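The values are calculated or read from the model by the stated rules, or taken from the named source; none is laboratory data. Note that the coordinates shown come from a computational prediction; the quantities given were computed from them, not determined experimentally. Heads up, the Cβs are rebuilt from the backbone with ideal geometry, glycines too, and the neighbour counts pull from every protein chain shown.
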Amino acid sequence: MKPIVASLLGSFALTASAFCACKPAPAESPGELPGALVARLRAELPEHHAACDVALSGPCAVRGDLDGDGAIDDVVLVRSRAGAGGIAILWGTGAAELLGGGRRGQWWTRTEVPDLGGRPDAPPRPTEIDADFGWLARWELRPRALRDGLPVLVGRIGPRIVESPAPGALGDGLLLDGGDAAAVLYRTRGGWTLMHLGF
């Protein structure tokens with residue numbers, strides 16, 4: 001595990017999976033993905049292939065509108081030929097983006113859920129995206145909603161519906177759970193934001 005991920009994930013004592021009684025979607029094998037999706041992934045990212053084993057639980061692919069443009073995007077767990085895990089976003093309007101999967105030199109803004117006073121404990125800061133998402137234990141789509149005019153990402157922890165604030169989120173997000181810490185990843189006008197949830 002990369003040192004930065006180890007420190008991020010190790011900084012939280014409680015596990016999201018201990019609180020979540022969610023039934024993860026059954027893992028799909030790449031052969032079960034729609035043929036058109038597999039073909040598009042191959043055309044857009046020829047050095048990568050669908051890989052359900054990147055995360056220990058959850059689906060192989062999800063669909064949502066991550067950039068808020070009204071077009072449905074396909075998001076797929078992938079591996080590079082060298083074995084590095086990542087997330088491929090096949091944008092609904094064409095083109096693709098790869099997070100991790102062996103790519104270096106990409107950045108997201110790292111922040112955390114605000115405290116009761118409405119401010120994060122630490123200011124948001126750019127952090128390099130891991131080249132390998134080998135730390136990913138579970139992932140899922142978190143649909144975007146508005147509460148009092150502000151974006152939130154909606155999910156479940158056990159039987160409860162939870163809403164995570166997502167300042168500036170353009171569309172849906174992804175829950176990324178490392179097993180001992182969880183975060184939501186979402187797109188803003190400035191790029192990707194990874195917001196740690198504090199559990």
Criterion violated by SER17 - all others in (1) touching an Asp or Glu at 6+ places or on another chain (Cβ under 7 Å); (2) modelled with pLDDT of 50 or more; (3) not aliphatic (A, V, I, L, M) satisfied: (2)
Residue count, the range 173-187 (criterion: within 12 Å of GLY198 (Cα to Cα) and not charged (D, E, K, R)): 4
Selection within the range 43-68 - closer than 17 Å to ALA169 by Cβ and not charged (D, E, K, R): VAL62, GLY64, LEU66, GLY68
Residue within the range 20-35 that is part of a helix (DSSP H, G or I), modelled with pLDDT of 90 or more and farther than 22 Å from ARG156 by Cα present: yes
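Residue-wise test of (1) among the charged types (D, E, K, R); (2) modelled with pLDDT under 95; (3) under 19 Å from LEU194 (Cα atoms); (4) more than 13 Å from the chain's Cα centre (by Cα).
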{"site": "GLU47", "(1), (2), (3), (4)": "yes, no, no, yes"}
{"site": "ALA51", "(1), (2), (3), (4)": "no, yes, no, yes"}
{"site": "PRO59", "(1), (2), (3), (4)": "no, yes, no, no"}
{"site": "LEU66", "(1), (2), (3), (4)": "no, no, yes, no"}
{"site": "VAL76", "(1), (2), (3), (4)": "no, no, yes, no"}
{"site": "ARG79", "(1), (2), (3), (4)": "yes, no, no, yes"}
{"site": "GLY86", "(1), (2), (3), (4)": "no, no, yes, no"}
{"site": "TRP107", "(1), (2), (3), (4)": "no, yes, yes, yes"}
{"site": "GLY117", "(1), (2), (3), (4)": "no, yes, no, yes"}
Any chance THR109 is of a type outside the set (A, V, I, L, M, F, W, C) and in contact with a Ser or Thr (Cβ under 6 Å, 6 or more places away or on another chain): yes
Checklist (1) touching a Ser or Thr at 6+ places or on another chain (Cβ under 6 Å); (2) modelled with pLDDT under 95 applied to GLU163, failing item: (1)
